[in-house]
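Reviewing the structure listed below.
The values are calculated or read from the model by the stated rules, or taken from the named source; none is laboratory data. Small disclaimer: the values here were computed from a predicted structure and weren't measured. Every residue, glycine among them, receives a Cβ derived from its backbone with ideal geometry; neighbour counts consider all protein chains shown. The accessibility values were calculated without ligands, DNA or RNA, using every heavy atom of the protein model including side chains. Shrake-Rupley method; radii C 1.70, N 1.55, O 1.52, S 1.80 Å.
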Amino acid sequence: MAFLPDESRSLPPPPLANKASVWLGFLGWMTAMLHNTFNQRPVLRAGVHRQILFTTVGWFVGYYLMKRTEYVYAKMDRELLEYVRHHPEDFKVAGT
């Protein structure tokens, strides 16, 4: 993906059913429902293909956003631990 560098491949993938995927999938489905409502169509029966498409797109956008979030947090953790390793005098153990 264009917004994930190659080093993100070493991270384990997020679960398919994560918070962002479920939320954005639901948001996509609601968008299709609202589109039917605004165009005075039967809300659940019209445009089922659009409902499936919007839900699927929302689900995958949520999955890749979660993947990006996990990469950013892993990178931040790595940089923080590297700083702690290079500056042990700033992080002394509390009993010594």
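A few notes on this one:
- With each label modelled as a point 7 angstrom along the Cα→C-beta vector, the residue 43-residue 86 pair spans 5.7 nm.
- Positive-end residue of 69, 28, 17, charge dipole of the chain with Cβ unit charges: 28
- The chain - accessible surface per residue (Å², probe 1.4 Å): 78
- Candidate cross-link partners of residue 92 among the lysines, defined by an alpha-carbon separation under 25 Å and a same-chain spacing of 8 or more, comprise 75.
- With Cα atoms, 0 to 90° folded angle of helix 48-86 axis to the chain main axis: 10
- Fraction of accessible area attributable to carbon and sulfur, the stretch 1-93 (%, probe 1.4 Å): 67
- Highest-MSF residue in the chain out of 60, 26, 38 [GNM, Cα springs under 10 Å]: 38
- Gain on full stretching of the segment that runs from residue 23 to residue 7 - 0.36 nm per residue minus C-alpha separation: 3.0 nm
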